[in-house]
Amino acid sequence: MEFAFTAEQQMIGETARSWFAQAATSARTRAAMAGDGMDAALWSGFCRELGLSGVALPEHRSGAGLGLVELAIIAEAAGAQVAAMPLLGHAVVARAIAAGGSDAQQAHWLPRLIGGETLAAAALDAEVTADDDALTGSARLVPHGGNAGLFLVSRTNQAWLVPAGAGVTAHTPVTMDQTRPLATITLNAAAAEPLADSAAALATAQTTGWVVLAAEGLGVAQAALDRTVAYAKDRVQFGRAIGSFQAYKHRLADMMIAIEQARSAVYWAACAMDEGSDEAVLALHAAKSFAADTAFKCAADMIQLHGGIGFTWEHDAHLFFKRARSLQTMMGSGAWHREQVARMVLGDVA
Amino acid sequence: MKLGFSAADEAFRAECADWLQGQMAGEFADIKGITKLTAKPERRREWEQQLAEHGWACIGWPKAWGGRDATLAQQVIFAEEYARADVPGRVNHIGVELAGPTILAFGSDEQKQRFLPGIAAGKTIWCQGFSEPNAGSDLASVRTRARLDGEEWVVNGQKIWTSLAHISDWIFVVTRSEEGSAGPKGLTFLMMNLHQPGIEVRPIRQINGDAEFNETFFTDARCPADSLIGAVGDGWRIAMGLLAFERGVSTLGQQMGFRNELDGIIAAAKANGAAQDPLIRQRIAQAEIGLRLMRYGALRMLSQTDHSAIGGAALTYKIQWASWRRSLGELAMDVLGQAGEVSAHADYEWDMLPNLFLYSRADTIYGGTNQIQRNLIAERGLGMPREPRGQA
Ligand SMILES: Cc1cc2nc3c(=O)[nH]c(=O)nc-3n(C[C@H](O)[C@H](O)[C@H](O)COP(=O)(O)OP(=O)(O)OC[C@H]3O[C@@H](n4cnc5c(N)ncnc54)[C@H](O)[C@@H]3O)c2cc1C
């Protein structure tokens, strides 16, 4: 049985966790929240200093040639700090290009994405019409869309790459999770290159997104628990540490029970994808729904178990809470993912 | 990181499956699929002996004592295949999984010689005398007294909820051997022959109509002076060691049995149309996801190189499976609808799914209730302060 991290994976985890803890501080995240929702220095540090932006991308395109397990390890670490950086769009678009881009598209875009020169966002399910190689229409709720230099735009089974520039405008409304603003992208005869294999690109975009979101959720949940545990030991009421009250400690236990399952879910899904297991799709639906729900439960409990301080803007609990909320809805709600599982186990009954 | 078992383990799986399925298709076809632990006790004893004769009774034990030195992964595989082949539960699981490992870990050589061969041969059935009317979750408050009288211990008191005592041969008992002592001090762990006039076993009927557990009364019951494991007064340490086996790996392979139950629910839902109800579909998906996560949680534990380290997954496993299965019972009834509330059998006997609904209420009680599990998780896993003790 080797359903455990290898020494190399452990090292990636340790490196990523300590880097994010040091770099993605609350102060820096809040500065990004007050600005455009992205800590640009954090992202360039991630790409250049830490060098993990190519983790699940092919080596001959400047990637590290590792898999989704490693990507999940990194997304978990980023989630634990609610880092204000465009990892989701980057991973989704870069892996989609690696899966469905032509040779030239891969050679052109991947090194730029990995090096941090170009920042990508995914505008999936856009309402666009194509006229030769020009797209017109719009896409809503594009994560970090206001920061991107390259868009992966899709409509049903077709996918294009659209560089920011003439005919492309982004508007970012106030977004509840200010660490990942959701932009509206308007295209007006914007120059678009169709991807060589749209189906492959979109399938990869989807599975990559689910893994990243699920892993972020795991990181959010564990961090919410860790921070609440620290508070429970510290804060005294009625002459005892609040963590000594059974109603309180049982809630912490329930958080841990859910988190352990979420951890199994995330790494089962990532590993099943890497191995091409026939359980992989079921595992992805399980991981996305379970981990996002766990993140929400833990972040919500974090607020409750902190009392009044947990309701303040100053405390970080709301960062976890808002990120968790968006994880639940992004790329399919929990109910939608569970319905996909139900279809798999119940077959065609309607 | 890898999913799945090694090729050698898969070969072992094939060997287990082959033998177990052969037995259930052949000589022991009459006990295939029995879910009640108390049904056909004589045949079930014969089955224990059949397992022993073919080297499958206690595969995790050392070879020297009749086992196979099987790895944890192999033990899980065997448990999975056991359930997949629809083999009924082991009537000697307490002997094999609790008494044996405790004697192996803490017993003297002479005790190993005396007790292990009977368990390994499937001939002596054991039960567990821990709980008392006034000592359940708070096991340390047991009152059953043991007094050394020359060459013998004399035991007086009462145990309760003793599963399978009515078909067992031996019982291990946590007793208070030091008069006036309280709590975990002054306890002694004794092994006693149940077939003696000083011990009376009275079955207790359970909510599903079956009577799997009992009251066990000790009235000047006796056992030789050397029937204790560990030293006099050392009973708490031995009992805790045993509980670690009970909460440890012995349950990791049970998901396959749960799989059978969930498959029963899926089949029922498809048959009666409940499978079209969106809420039922959500719950079936949740159950399926929960089952898979249990399995991968178990595999995560098995993959740890240091099994003595109680990781988070190990600490949370009991409450996870128990709560999952209790919800599964509720789902079963919601799928069946009111039709699930009537039985075609006489004697208040129930088919698998209604019985699951009733029996699974016990899963969150025995082996440490859900509340006790949460205390353990919060205290051992998260470093929260211990529960305060009262004076009584
Ligand atoms: C089917 C079945 C088989 C069993 N088989 C055996 C057996 O073979 N041998 C044996 O020795 N025992 C056996 N038991 C007994 C089992 O171990 C006990 O029932 C269990 O430990 C709970 O003890 P209790 O019943 O005395 O309940 P109590 O300890 O009285 O608990 C009652 C309620 O109070 C709660 N509670 C207690 N303490 C706390 C606390 N500190 N914090 C929060 N809540 C608390 C419990 O969670 C529970 O909800 C069996 C039980 C069942 C149901």
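Structure notes:
- In the stretch B:228-318, counting only helices (runs of 4 or more DSSP H) that sit wholly within it, the ones holding 1 or more residues that are open to solvent by less than 40 Å² (accessible area, probe 1.4 Å) and within 11 Å of chain A (Cβ to nearest Cβ) span B:255-272, B:278-303.
- Only one of the listed residues (A:154, A:138) is under 26 Å from residue A:72 (Cα atoms) and at pLDDT 95 or above. That residue is A:154.
Residue-by-condition table, conditions (1) within 11 Å of the ligand (Cβ to nearest atom); (2) open to solvent by 10 Å² or more (accessible area, probe 1.4 Å); (3) away from chain A (no Cβ under 14 Å); (4) not in a strand (DSSP E or B):
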{"position": "B:110", "(1), (2), (3), (4)": "no, yes, yes, yes"}
{"position": "B:114", "(1), (2), (3), (4)": "no, yes, yes, yes"}
{"position": "B:123", "(1), (2), (3), (4)": "no, yes, yes, yes"}
{"position": "B:137", "(1), (2), (3), (4)": "yes, yes, no, yes"}
{"position": "B:156", "(1), (2), (3), (4)": "no, yes, yes, no"}
{"position": "B:162", "(1), (2), (3), (4)": "yes, no, yes, yes"}
{"position": "B:172", "(1), (2), (3), (4)": "yes, no, yes, no"}
{"position": "B:185", "(1), (2), (3), (4)": "no, yes, yes, yes"}
{"position": "B:188", "(1), (2), (3), (4)": "no, no, yes, no"}
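- Filtered residues of the stretch B:344-392 (kept if away from the ligand (no atom under 11 Å from the Cβ), hydrophobic (A, V, I, L, M, F, W, C) and open to solvent by less than 30 Å² (accessible area, probe 1.4 Å)): B:353, B:356, B:377, B:382, B:384
- Selection from the stretch A:239-253 of residues that are open to solvent by 50 Å² or more (accessible area, probe 1.4 Å) and within 8 Å of chain B (Cβ to nearest Cβ): A:240, A:246
- Looking across the stretch B:334-377, the residues that are within 13 Å of chain A (Cβ to nearest Cβ), under 24 Å from the mean Cα position of the chain (by Cα) and in a helix (DSSP H, G or I) come down to B:370, B:371, B:372, B:373, B:374, B:375, B:376, B:377.
- Residue in the stretch A:283-290 that is away from chain B (no Cβ under 12 Å) and at pLDDT 95 or above present: no
Okay, residues lined up against (1) more than 14 Å from chain B (Cβ to nearest Cβ); (2) assigned to a helix (DSSP H, G or I):
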position: A:2; (1), (2): no, no
position: A:8; (1), (2): no, yes
position: A:42; (1), (2): yes, yes
position: A:77; (1), (2): yes, yes
position: A:84; (1), (2): yes, no
position: A:90; (1), (2): yes, yes
position: A:105; (1), (2): yes, yes
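- Any hit, the stretch B:326-343, residues being open to solvent by 30 Å² or more (accessible area, probe 1.4 Å) and within 27 Å of residue A:3 (Cβ to Cβ): yes
- Matching helices (runs of 4 or more DSSP H) fully within the stretch A:224-339 where at least 3 residues are out of contact with any helix residue (DSSP H, G or I) (no Cβ under 7 Å at 6 or more places or on another chain): A:246-275, A:317-329
- Odd one out for residue A:115, checked against (1) touching a helix residue (DSSP H, G or I) at 6+ places or on another chain (Cβ under 7 Å); (2) free of Cβ contacts under 8 Å to residues at least 60 places away in the same chain; (3) not hydrophobic (A, V, I, L, M, F, W, C): (2)
- Meets criteria (surrounded by fewer than 21 Cβ atoms within 10 Å (Cβ to Cβ) and within 14 Å of another protein chain (Cβ to nearest Cβ)) for residue A:348: yes
The values are calculated or read from the model by the stated rules, or taken from the named source; none is laboratory data. If you're wondering where the values come from, they're calculated on a predicted model, not measured in any experiment. Virtual Cβ from ideal backbone geometry, glycine too; neighbours counted across all protein chains shown. Calculation scope for accessible area: heavy atoms of the full protein, side chains included, ligands and nucleic acids excluded. Shrake-Rupley method; radii C 1.70, N 1.55, O 1.52, S 1.80 Å.
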